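The values are calculated or read from the model by the stated rules, or taken from the named source; none is laboratory data. Keep in mind that this is a model prediction, so the values were computed, not measured. Positions of Cβ are generated from backbone atoms using ideal geometry, with glycine treated the same way; all protein chains shown enter the neighbour counts. Each accessible area value is taken on the protein alone, full model and side chains, heavy atoms only, with ligands, DNA and RNA left out. Shrake-Rupley method; radii C 1.70, N 1.55, O 1.52, S 1.80 Å.
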Amino acid sequence: MPHFRPLMLLANRLSSIQSILSFERWEGYHHFEDEKGIGRVAILSTFLGMNLGANAVLFLLFKLVQLGLIFIPPTETTSSSTTIQSLLHCFLSIESNTLQLALQWT
């Protein structure tokens, strides 16, 4: 049984994280009584909105670099493919955040 100990520790840690994400500790507050309570929506929307804003700014920055309007000195790891991958990552994050924000209100 000792080889299952790391898995049990991981399972216990994941269950505590899940209880935080499901707002189990806040059940007594009337804003968190149901899944569509304004407290849950407000907290999740705040973090999603901050993430959306950060990704939008990064997307704009990478796009300006790609267009040559902003110059960043080249390094060993900087290339056009890195900029394109960064643009794609930011764009997909923006799409995901927008979808999650839309689903918060349904």
Of L60, I43, A102, whose Cα points farthest to the positive end of the dipole of the chain (charges on the beta-carbon: +1 Lys, Arg; -1 Asp, Glu; origin at the Cα centre)?
L60
Please give the peptides 4-13, 24-33 ranked by average Cβ packing (other Cβ atoms within 10 Å per residue), highest first, as a rough proxy for protection.
24-33, 4-13
Principal axis dimensions, the chain - Cα atoms, whole angstrom, descending
54, 44, 19
FRET efficiency, A11 to I72 (Cβ-Cβ, R0 35 Å, nearest 0.05)
0.20
Using a 1.4 angstrom probe on heavy atoms only, work out the carbon and sulfur share of the accessible area of the chain in %.
69
Rounded to whole Å, sorted largest first: equivalent-ellipsoid semi-axes of the stretch 7-66, Cα gyration tensor:
32, 20, 5
